[in-house]
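Trainee: Here you go, one structure.
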Amino acid sequence: MVALDLDMSRARHAKLQAWCQHLDQIPIPQMSIDVWESWEDAKWGIFIQISRDLRADLWLGFLASLQFPTSKMVIKQVPLEPQQKADLEACVLLSLVEATTLSPAVVPRSVPVEPHGGRPDVYLHIANEDEKVTDHTGAAFETGGLEALMLVIRLVSVAVHGRQE
(Lines give C-alpha, C1' and ligand atoms only; values in the text may rest on other atoms or scores of the structure.)
Protein backbone atom coordinates (compact mmCIF):
# COMPACT_ATOMS: atom_id res chain seq x y z
CA MET A 1 0.00 0.00 0.00
CA VAL A 2 2.83 2.40 0.82
CA ALA A 3 4.52 1.71 -2.51
CA LEU A 4 1.26 2.56 -4.24
CA ASP A 5 0.94 5.79 -2.21
CA LEU A 6 -2.30 4.67 -0.52
CA ASP A 7 -2.49 6.26 2.91
CA MET A 8 -4.60 3.71 4.78
CA SER A 9 -4.20 5.63 8.03
CA ARG A 10 -6.76 8.09 6.63
CA ALA A 11 -9.39 5.39 6.07
CA ARG A 12 -11.98 5.06 8.80
CA HIS A 13 -11.55 1.36 9.31
CA ALA A 14 -14.83 0.34 10.98
CA LYS A 15 -16.98 1.21 7.96
CA LEU A 16 -14.36 0.09 5.48
CA GLN A 17 -14.13 -3.22 7.32
CA ALA A 18 -17.87 -3.76 6.78
CA TRP A 19 -17.40 -3.36 3.02
CA CYS A 20 -14.42 -5.75 3.11
CA GLN A 21 -16.45 -8.33 5.04
CA HIS A 22 -19.18 -8.05 2.43
CA LEU A 23 -16.61 -8.95 -0.24
CA ASP A 24 -15.73 -12.10 1.72
CA GLN A 25 -19.34 -13.29 1.39
CA ILE A 26 -19.80 -12.96 -2.37
CA PRO A 27 -18.22 -14.77 -5.32
CA ILE A 28 -14.98 -13.20 -6.52
CA PRO A 29 -16.12 -10.42 -8.86
CA GLN A 30 -14.84 -10.06 -12.38
CA MET A 31 -13.58 -6.53 -12.95
CA SER A 32 -13.11 -5.84 -16.64
CA ILE A 33 -10.27 -3.73 -17.95
CA ASP A 34 -12.84 -1.11 -19.02
CA VAL A 35 -14.11 -0.78 -15.45
CA TRP A 36 -10.56 -0.60 -14.12
CA GLU A 37 -9.48 2.04 -16.65
CA SER A 38 -12.55 4.20 -16.01
CA TRP A 39 -11.83 3.91 -12.28
CA GLU A 40 -8.19 4.93 -12.76
CA ASP A 41 -9.30 7.91 -14.87
CA ALA A 42 -11.63 9.02 -12.05
CA LYS A 43 -8.87 9.73 -9.54
CA TRP A 44 -8.37 13.44 -8.85
CA GLY A 45 -5.87 13.76 -6.01
CA ILE A 46 -7.72 12.58 -2.90
CA PHE A 47 -11.09 12.77 -4.70
CA ILE A 48 -12.90 10.32 -6.98
CA GLN A 49 -14.30 12.31 -9.89
CA ILE A 50 -17.64 11.43 -11.44
CA SER A 51 -17.79 12.29 -15.11
CA ARG A 52 -19.81 11.00 -18.03
CA ASP A 53 -16.85 11.72 -20.32
CA LEU A 54 -14.62 9.49 -18.18
CA ARG A 55 -17.26 6.70 -18.14
CA ALA A 56 -17.98 6.85 -14.41
CA ASP A 57 -21.05 4.74 -15.17
CA LEU A 58 -18.74 1.73 -15.55
CA TRP A 59 -17.14 1.82 -12.10
CA LEU A 60 -20.26 3.13 -10.35
CA GLY A 61 -22.23 0.29 -11.91
CA PHE A 62 -19.57 -2.19 -10.85
CA LEU A 63 -19.72 -0.99 -7.23
CA ALA A 64 -23.52 -1.16 -7.25
CA SER A 65 -23.44 -4.66 -8.78
CA LEU A 66 -21.38 -5.84 -5.79
CA GLN A 67 -24.33 -4.78 -3.65
CA PHE A 68 -22.32 -2.19 -1.80
CA PRO A 69 -24.87 0.18 -0.28
CA THR A 70 -25.52 2.81 -2.93
CA SER A 71 -27.51 4.67 -0.28
CA LYS A 72 -24.13 5.43 1.31
CA MET A 73 -22.71 6.73 -1.97
CA VAL A 74 -23.19 10.47 -2.15
CA ILE A 75 -22.50 12.54 -5.22
CA LYS A 76 -21.21 15.95 -4.22
CA GLN A 77 -21.50 18.54 -6.94
CA VAL A 78 -21.10 22.24 -7.53
CA PRO A 79 -24.08 23.97 -9.18
CA LEU A 80 -24.19 22.69 -12.75
CA GLU A 81 -25.58 24.03 -15.99
CA PRO A 82 -28.78 22.21 -17.07
CA GLN A 83 -26.99 20.14 -19.75
CA GLN A 84 -24.18 19.17 -17.35
CA LYS A 85 -26.76 18.15 -14.75
CA ALA A 86 -28.65 16.07 -17.34
CA ASP A 87 -25.39 14.41 -18.42
CA LEU A 88 -24.53 13.57 -14.80
CA GLU A 89 -27.98 12.14 -14.12
CA ALA A 90 -27.78 10.05 -17.29
CA CYS A 91 -24.36 8.75 -16.19
CA VAL A 92 -25.65 7.75 -12.74
CA LEU A 93 -28.78 6.11 -14.13
CA LEU A 94 -26.70 4.22 -16.69
CA SER A 95 -24.47 2.96 -13.88
CA LEU A 96 -27.51 1.54 -12.09
CA VAL A 97 -28.70 -0.12 -15.29
CA GLU A 98 -25.25 -1.75 -15.51
CA ALA A 99 -25.67 -3.01 -11.94
CA THR A 100 -29.24 -4.29 -12.03
CA THR A 101 -28.32 -7.59 -13.63
CA LEU A 102 -26.96 -8.60 -10.23
CA SER A 103 -28.80 -6.47 -7.69
CA PRO A 104 -31.39 -3.81 -7.14
CA ALA A 105 -29.73 -0.46 -6.60
CA VAL A 106 -30.79 2.82 -5.08
CA VAL A 107 -29.83 6.05 -6.82
CA PRO A 108 -27.02 7.70 -4.84
CA ARG A 109 -27.92 10.94 -3.09
CA SER A 110 -26.72 14.21 -4.50
CA VAL A 111 -25.52 17.08 -2.29
CA PRO A 112 -24.53 20.56 -3.44
CA VAL A 113 -21.08 21.86 -2.51
CA GLU A 114 -19.28 25.13 -3.01
CA PRO A 115 -16.81 25.28 -5.92
CA HIS A 116 -13.24 24.70 -4.74
CA GLY A 117 -10.05 24.65 -6.79
CA GLY A 118 -8.68 21.56 -5.06
CA ARG A 119 -11.50 19.19 -5.99
CA PRO A 120 -13.48 18.24 -9.08
CA ASP A 121 -16.91 19.71 -9.72
CA VAL A 122 -18.57 16.32 -9.14
CA TYR A 123 -17.11 13.62 -6.90
CA LEU A 124 -18.01 10.56 -4.84
CA HIS A 125 -18.29 10.59 -1.06
CA ILE A 126 -19.00 7.49 1.06
CA ALA A 127 -21.29 8.80 3.79
CA ASN A 128 -21.71 7.68 7.36
CA GLU A 129 -25.00 5.98 8.12
CA ASP A 130 -27.90 8.14 9.30
CA GLU A 131 -25.85 11.28 8.84
CA LYS A 132 -27.11 14.42 7.17
CA VAL A 133 -24.55 14.89 4.44
CA THR A 134 -23.40 18.45 3.81
CA ASP A 135 -20.40 20.16 2.32
CA HIS A 136 -18.61 19.77 5.67
CA THR A 137 -19.62 16.41 7.15
CA GLY A 138 -17.17 13.54 7.20
CA ALA A 139 -17.00 10.38 5.18
CA ALA A 140 -17.54 6.85 6.44
CA PHE A 141 -14.06 6.19 5.09
CA GLU A 142 -11.59 8.15 3.03
CA THR A 143 -11.16 7.65 -0.69
CA GLY A 144 -7.85 5.90 0.03
CA GLY A 145 -9.92 3.08 1.50
CA LEU A 146 -12.07 2.86 -1.62
CA GLU A 147 -8.95 2.98 -3.80
CA ALA A 148 -7.50 0.09 -1.82
CA LEU A 149 -10.72 -1.92 -2.17
CA MET A 150 -10.84 -1.40 -5.92
CA LEU A 151 -7.16 -2.31 -6.27
CA VAL A 152 -7.61 -5.52 -4.30
CA ILE A 153 -10.72 -6.43 -6.30
CA ARG A 154 -8.84 -5.85 -9.56
CA LEU A 155 -5.81 -7.89 -8.47
CA VAL A 156 -7.93 -10.81 -7.28
CA SER A 157 -10.14 -10.60 -10.37
CA VAL A 158 -7.11 -10.86 -12.66
CA ALA A 159 -5.53 -13.62 -10.55
CA VAL A 160 -8.71 -15.74 -10.51
CA HIS A 161 -10.46 -14.88 -13.76
CA GLY A 162 -7.56 -13.70 -15.91
CA ARG A 163 -7.29 -10.37 -17.66
CA GLN A 164 -10.59 -9.52 -19.37
CA GLU A 165 -10.34 -7.18 -22.34
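The values are calculated or read from the model by the stated rules, or taken from the named source; none is laboratory data. This structure is a prediction, so every number in the text was calculated from the model and none was measured. Calculation scope for accessible area: heavy atoms of the full protein, side chains included, ligands and nucleic acids excluded. Shrake-Rupley method; radii C 1.70, N 1.55, O 1.52, S 1.80 Å.
Trainee: What figure in square angstrom, to the nearest 10, would you give for the accessible area of R109 with a 1.4 Å probe?
Mentor: Looks like 90 Å² after rounding.
Trainee: Which whole-Hz couplings ³J(HN,Hα) result when phi for each residue of the stretch 31-41 is put into the Karplus expression 6.51 cos²θ - 1.76 cosθ + 1.60, θ = phi - 60°, listed in order with x for Gly and Pro?
Mentor: Each residue's phi maps through the Karplus curve to give 9, 6, 5, 5, 5, 4, 5, 5, 5, 4, 5 Hz.
Trainee: Give the accessible area for C20 in Å² (nearest 10); use a 1.4 Å probe, count only protein heavy atoms, and leave out ligands, DNA and RNA.
Mentor: So the heavy atoms of C20 present about 40 Å² to solvent.
Trainee: Residues with amide H under 5 Å of S51's amide H, sequence separation 5 or more or different chain, H placed in the peptide plane at 1.01 Å from N; which?
Mentor: A56
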